[in-house]
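The structure appears below as structure tokens.
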């Protein structure tokens, strides 16, 4: 439903959701989601709390089966396509004395799920160095992760997700614990690396504003429904009013976008402004 | 010369029971440090403490029915590992660990009472003993070590990943629950081997102490693992010597020596931090 | 049945046991709710073990075990609280403090086993001996319990705030470390009293079991504390009655241990609580999960 993006279906798609319904504990969290993402595009996922953002990620990761509908990655079932998906978690706060260097963390993304010790040697090391270079993290490659800043860790997690050459990378609220400058750095970095490597990015966030400069399309979730399109197509009073099911205004101030209105106006404004 | 003779009295290396103790102790130290590395990574000291302690009930049960002690230990440590893994929800693992431990110890106290006289065997299991280790025990412990080495080598990468970044690992197909269960079974393996030597009260010292100290010295996982094994082996060797010299239980020395290594680790980290903050790079 | 109850209450050892056991059950039950709330089960358990060292020292020095339990318990609690900040660091620090103090305790217990006049001591310390507790201990137990309740009353609001949402509490000026340290005092008192009744090895049962059951039945902290105290009392009374009865049981008519019955009663309470409200908990967790 409400899929405003039909023109691109002709192209090869990386991620395909068809008629996805999810019920959790008797409540419909996602209702009939259809979407299709192209290689190399940057998609921001926005929506108020409870709109189904985390559920959507779980479905794409194959951790949750939809009650109805299909999810395919590059034409394959998600469970068969796990190696094609990279994942950056919401938070990672290692202890200062964790015996793990930056390069060890990134290397886990390469072959962490395999049995036994790794026997890669020099080739594996070169691959890790390369991934560290993508995110400008060579400088602290041999430092303990416990002594790195939030922004530095976020870069490593991006490298960890990218090192296995995925077709699509999912980032779950990667900006939540960062200051404004680091937010901007991470967004630009992800945008650049994804673009260079032709990887599709799905970035979940509360605030769309840091993404405005890099985002190709936006996926707006509310009440179990979704609207996908460019910011100008989706973040409009009429589209969001239809999505939310009550009147919503979109206000643009100083190049920032605010969504206001409705009975639960407070949660709407806070979900999109930088509180 | 006098000190050397006091430290290394005759029989320390030559008497047959001490030879068994050296073999079994070294195997147990390697095994415990190996598993302890993951215990410390996962912050699972309580489970590492609870499983050997719970296995004590198995030994008490074995004494009661006249069965094999090692078998009793193995059964109860595996049962408690499964109990902790299956009862725990992500939020309250501490509670369920405590309650599984209590269930086992409640049974243990009953077995002890019904078993009648407080056998010296039971004290030996609580405090550890080096005199009573037979050649058969040594073979059994070496067998357990072999199993643990195999399992750790096989599980190393997924277990490491699931321990340091469980969310990402889960997303990439490494099930957190499955890893937790496998990890607890490894702890049960270590407990079964360690309790006869170090005692149920202090087996976890040999798991937590060396690995916690190694985390300060080693920077990469494999380095830390190797240092943990080294510290573990040194700890048990010191402890065996002291226990032989003084006639006191080996568990006490293991606790003391591993705590000293841990203290050294903290000191090392502290000095390193001071040096870094006044060093040239800081500017 | 009535005749059994009459004979139960007529035995002086049983009267003392019921009195002291009740104090202990209520204190542990109430303190336990905060332990569960704060996720400090390991610390609570560790204090019981650490107390062994004090009890063994007191025993060897000819003092009542209670003072040894509480003295060393408080020291250990402060060491644990003072050593680590982050969750994983705290877990390891607790493990090391526990390991060292328990090591010393094991040494003292071993020394006791070697002394002919104290051979029963280690078992009494580890597995409890409520029927042999000196009635005069009831007075200090009551006083310590009172102290624990005064501490909890004083700490109540900041403690709840700091336990439920430490960040917000810190922002509002609640001294987290001070609250943590003072709570450790109350925790040490509860655990060590419980160790006196159920034995050091099983003291955790009275601390965690009733509280873990109670918080599953009710969501309100005051109600949970009351329910937890009640469940604790039930377990202790049941345990004492059954242990007394068990002198007539096979094999050998030597009696089954009180701590066994107390632990089993506590576990039963927990399991019943765990079966019932699972559905409600699942429903409550949903909106956040689905976000």
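Residues of region B:201-243 that are within 13 Å of residue B:257 (Cβ to Cβ) and not in a helix (DSSP H, G or I): B:202 alone.
Matching residues to (1) at pLDDT 80 or above; (2) assigned to a loop (DSSP other than H, G, I, E, B); (3) surrounded by 15 or more Cβ atoms within 10 Å (Cβ to Cβ):
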residue	(1), (2), (3)
A:186	yes, no, yes
A:207	yes, yes, yes
A:214	yes, yes, yes
A:227	yes, no, yes
A:241	yes, no, yes
A:247	yes, yes, no
A:252	yes, no, no
A:262	no, yes, yes
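Yes or no, residue by residue, for (1) within 12 Å of another protein chain (Cβ to nearest Cβ); (2) closer than 25 Å to residue C:213 by Cβ; (3) at pLDDT below 85; (4) part of a helix (DSSP H, G or I):
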site: C:27; (1), (2), (3), (4): no, yes, no, yes
site: C:37; (1), (2), (3), (4): yes, yes, no, yes
site: C:53; (1), (2), (3), (4): yes, no, no, yes
site: C:57; (1), (2), (3), (4): no, no, no, yes
site: C:101; (1), (2), (3), (4): yes, no, no, yes
site: C:107; (1), (2), (3), (4): yes, no, no, yes
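Out of B:144, B:182, B:105, one residue alone is buried (at least 23 other Cβ atoms within 10 Å of the Cβ), part of a helix (DSSP H, G or I) and in contact (Cβ under 8 Å) with a residue 12 or more places away in the chain. It is B:105.
For every residue, the table says whether it meets (1) touching a strand residue (DSSP E or B) at 6+ places or on another chain (Cβ under 6 Å); (2) over 18 Å from residue A:38 (Cβ atoms).
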| residue | (1), (2) |
| --- | --- |
| A:157 | yes, yes |
| A:171 | yes, no |
| A:180 | no, yes |
| A:227 | yes, no |
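All of (1) within 28 Å of residue B:235 (Cα to Cα); (2) in a helix (DSSP H, G or I) hold for residue B:113 with one exception: (1). Scanning region B:212-231 for residues that are modelled with pLDDT of 95 or more and closer than 24 Å to residue B:101 by Cβ returns no hits.
A single entry from C:181, C:202 fulfils the requirement of being more than 30 Å from residue C:246 (Cα to Cα) and either within 14 Å of chain B (Cβ to nearest Cβ) or touching a helix residue (DSSP H, G or I) at 6+ places or on another chain (Cβ under 8 Å) (or both): C:181. From the list C:207, C:187, the lone residue that is under 19 Å from residue C:265 (Cβ atoms), buried (at least 24 other Cβ atoms within 10 Å of the Cβ) and within 14 Å of chain B (Cβ to nearest Cβ) is C:207. Check whether at least one residue in region C:216-224 is within 14 Å of another protein chain (Cβ to nearest Cβ) and either surrounded by fewer than 18 Cβ atoms within 10 Å (Cβ to Cβ) or on the phi < 0 side of the Ramachandran plot (or both), and report yes or no. Yes, region C:216-224 contains at least one residue that is within 14 Å of another protein chain (Cβ to nearest Cβ) and either surrounded by fewer than 18 Cβ atoms within 10 Å (Cβ to Cβ) or on the phi < 0 side of the Ramachandran plot (or both).
In the condition set (1) part of a helix (DSSP H, G or I); (2) buried (at least 24 other Cβ atoms within 10 Å of the Cβ), residue B:264 is compliant with all but (2). The number of residues in region B:42-77 being surrounded by fewer than 24 Cβ atoms within 10 Å (Cβ to Cβ), within 9 Å of another protein chain (Cβ to nearest Cβ) and assigned to a helix (DSSP H, G or I) comes to 1.
Quick check, is residue C:219 closer than 30 Å to residue A:50 by Cα, part of a loop (DSSP other than H, G, I, E, B) and either at pLDDT below 90 or touching a helix residue (DSSP H, G or I) at 6+ places or on another chain (Cβ under 7 Å) (or both)? So residue C:219 fits the description; yes. The set of residues from region B:169-203 being closer than 16 Å to residue B:75 by Cα and within 12 Å of chain A (Cβ to nearest Cβ) comprises just one member, B:182. Scanning region B:229-256 for residues that are under 18 Å from the mean Cα position of the chain (by Cα) and within 9 Å of another protein chain (Cβ to nearest Cβ) returns B:249, B:251, B:252, B:253, B:254, B:255, B:256. Out of all the residues in region C:163-175, which are part of a helix (DSSP H, G or I) and surrounded by 16 or more Cβ atoms within 10 Å (Cβ to Cβ)? Across region C:163-175, the qualifying residues are C:163, C:169.
Within region A:83-111, the only residue that satisfies the criterion of being under 14 Å from residue A:61 (Cβ atoms), facing another protein chain (nearest Cβ under 7 Å) and assigned to a loop (DSSP other than H, G, I, E, B) is A:89. Looking at B:122, B:138, B:131 in this structure, which one is away from every other protein chain (no Cβ under 11 Å), in a helix (DSSP H, G or I) and either within 26 Å of residue C:45 (Cβ to Cβ) or touching a helix residue (DSSP H, G or I) at 6+ places or on another chain (Cβ under 6 Å) (or both)? Just a single option satisfies the conditions, and that option is B:138. Annotation note: of C:195, C:225, C:213, the sole residue that is closer than 22 Å to residue B:88 by Cα and part of a helix (DSSP H, G or I) is C:213. Evaluate the following for residue C:160: is it at pLDDT 85 or above and either over 13 Å from the mean Cα position of the chain (by Cα) or part of a helix (DSSP H, G or I) (or both)? Answer is yes for this residue. Within region A:10-48, the set of residues being over 16 Å from the mean Cα position of the chain (by Cα), within 14 Å of chain C (Cβ to nearest Cβ) and not in a strand (DSSP E or B) comprises A:25, A:26. In summary, residue B:11 fulfils each of the numbered conditions (1) buried (at least 24 other Cβ atoms within 10 Å of the Cβ); (2) at pLDDT below 85 with the single exception of condition (1).
The values are calculated or read from the model by the stated rules, or taken from the named source; none is laboratory data. The structure presented is a predicted model; accordingly, all values stated were derived computationally and were not measured. Note that each Cβ is placed from the backbone with ideal geometry, even for glycine, and that neighbours are counted across all protein chains shown.
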